[in-house]
Amino acid sequence: MPTQVVETFFSLAVRDMKRATEFYVTAFGATVSAALPFWSSLHVARVRLGLALALEHAGGTTGFHFAVVD
């Protein structure tokens, strides 16, 4: 029998946890369910988004997309 998956989520590396958290809350109305200096867990449109602190992260592209009403 396969392992039962109970949740899926995206994880993004960020260099500035406070700034990244504020961005998702302000821009998309995310709710914060956990906020630590090295990890934050947010919910946007019933999807969990994990923000992982990575001070050396140089940025880049990701496949995390939002469909919004214009």
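Since every read-out is calculated from the coordinates, none of them should be taken as a lab result. Since the structure is predicted, the reported quantities are computational estimates derived from the model, not experimental observations. Every residue, glycine among them, receives a Cβ derived from its backbone with ideal geometry; neighbour counts consider all protein chains shown.
Structure values in brief
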item	result
Highest to lowest packing among 14-23, 28-37, scored as the average C-beta count within 10 Å	14-23, 28-37
Correct option for mean projected area of the Cα convex hull in nm² [calculated from the coordinates] among (1) 6.3; (2) 9.6; (3) 4.7	(1)
Check: the chain dipole with +1 on Lys, Arg Cβ and -1 on Asp, Glu Cβ, in debye	80 debye
Residue-by-residue Karplus 3J(HN,Hα) for segment 26-43, coefficients 6.51, -1.76, 1.60, Hz, glycine and proline x	6, 6, 10, x, 4, 9, 9, 9, 8, 9, 10, x, 10, 7, 10, 10, 10, 10
Amide proton proximity set for Trp39, modelled H, under 5 Å, gap of 5+	Leu53
Tensor-based shape of segment 7-46 (alpha-carbon gyration tensor, a/c under 1.5 rounded, otherwise prolate or oblate)	oblate
222 nm mean residue ellipticity, helices alone, for the chain (DSSP H n ≥ 4; -39,500 (n - 2.57); rounded to 500)	-5500 deg cm²/dmol
